[in-house]
């Protein structure tokens, strides 16, 4: 799920090439001492005094590469909570709960299948792009709508929200990853710790917590964390062990490595470009190898999975597939990579939204 952020990557025009629209990430994601109460927002990061981390030295790892499975196409079909009704001519028509919404979609280079009258029934239409101040425009052809409205995913209540950068707080194509993760947690039959980096508005964290995991959710945007906390309460999961952390994701992972904190499942969904809360600059192709290596370093001795999703980049999934296989050399398991797609209701076309690669035991 995505966030409203002060300086998001979605305030920039979506990158040309690659899959899907840009996702809003300020960049990088908070640390909390383990002794603090779970579920409580840590508005300020922990004391970061002390020696700075030396630059990470990367070298190709010895060991047999994980087996590979590709291409893998993970598909989300229309359901009662969400449906891609139609797409084409650079737009998409979606049903989010009670509302029919029209938004830009650069991947939809084909023609619309539904007649104009179906598109004209939209409750909300995003017009224009966002500028550097995040000022977008929603038009409400029927009745002016409030900023938020109730939504559901697989029985989990959360808030949809009309943001100034065209997003509405959920990325439904991620449901394939959420279902897969919940299955791993339930099948483990033991305590499972999940780290959700660049966690946005928290649906993945709520799915993991509902399945029984202890979750650490990291995002650089305080506003996104606030929205995620709202979603936790709305979902009735306030008693679940979720740490909500406002921090740069890379710096948080580095501290977790130093203090010996470990996780069974790690999700990371970094932006193509972004800035952290203290001006840290993130460039995907320069910084992703370091972060992927860090994710390996903070796994438990019996890990379950590491899931990487990449939006709006000039790359093939083969690039991140090779990175993941190299990173997890010697650990066994399988790396499966491909694309996340949403199946259109009108003509059955597949709308590709993002690339992914996941290592599973």
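Looking at 85, 74, 70 in this structure, which one is at pLDDT 95 or above, farther than 25 Å from residue 199 by Cβ and either surrounded by 11 or more Cβ atoms within 10 Å (Cβ to Cβ) or not assigned by TED's automatic domain parsing to the domain that holds residue 153 (or both)?
Checking each option against the conditions leaves just 85.
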- Task: Examine segment 139-158 for a residue that is part of a strand (DSSP E or B), exposed (fewer than 13 other Cβ atoms within 10 Å of the Cβ), outside the structural domain of residue 235 (by TED's automatic domain parsing) and modelled with pLDDT under 95, and state whether such a residue exists.
- Result: yes
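Residues checked against (1) over 20 Å from residue 207 (Cβ atoms); (2) touching a strand residue (DSSP E or B) at 6+ places or on another chain (Cβ under 7 Å); (3) buried (at least 22 other Cβ atoms within 10 Å of the Cβ):
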site	(1), (2), (3)
255	yes, no, no
262	yes, yes, no
267	no, yes, yes
272	yes, no, yes
289	yes, no, no
310	yes, yes, yes
328	yes, yes, yes
- Note on the structure: Taking segment 332-361 and keeping residues crowded, with 22+ Cβ neighbours inside 10 Å and outside any strand (DSSP E or B) leaves 344
- Enumeration of residues in segment 192-206 that are on the phi < 0 side of the Ramachandran plot and in contact with a strand residue (DSSP E or B) (Cβ under 7 Å, 6 or more places away or on another chain): 192, 193, 194, 195, 196, 197, 199, 203, 204, 205, 206
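The values are calculated or read from the model by the stated rules, or taken from the named source; none is laboratory data. Since the model is a prediction, treat every value here as computed from it, not as a measurement. Virtual Cβ from ideal backbone geometry, glycine too; neighbours counted across all protein chains shown.
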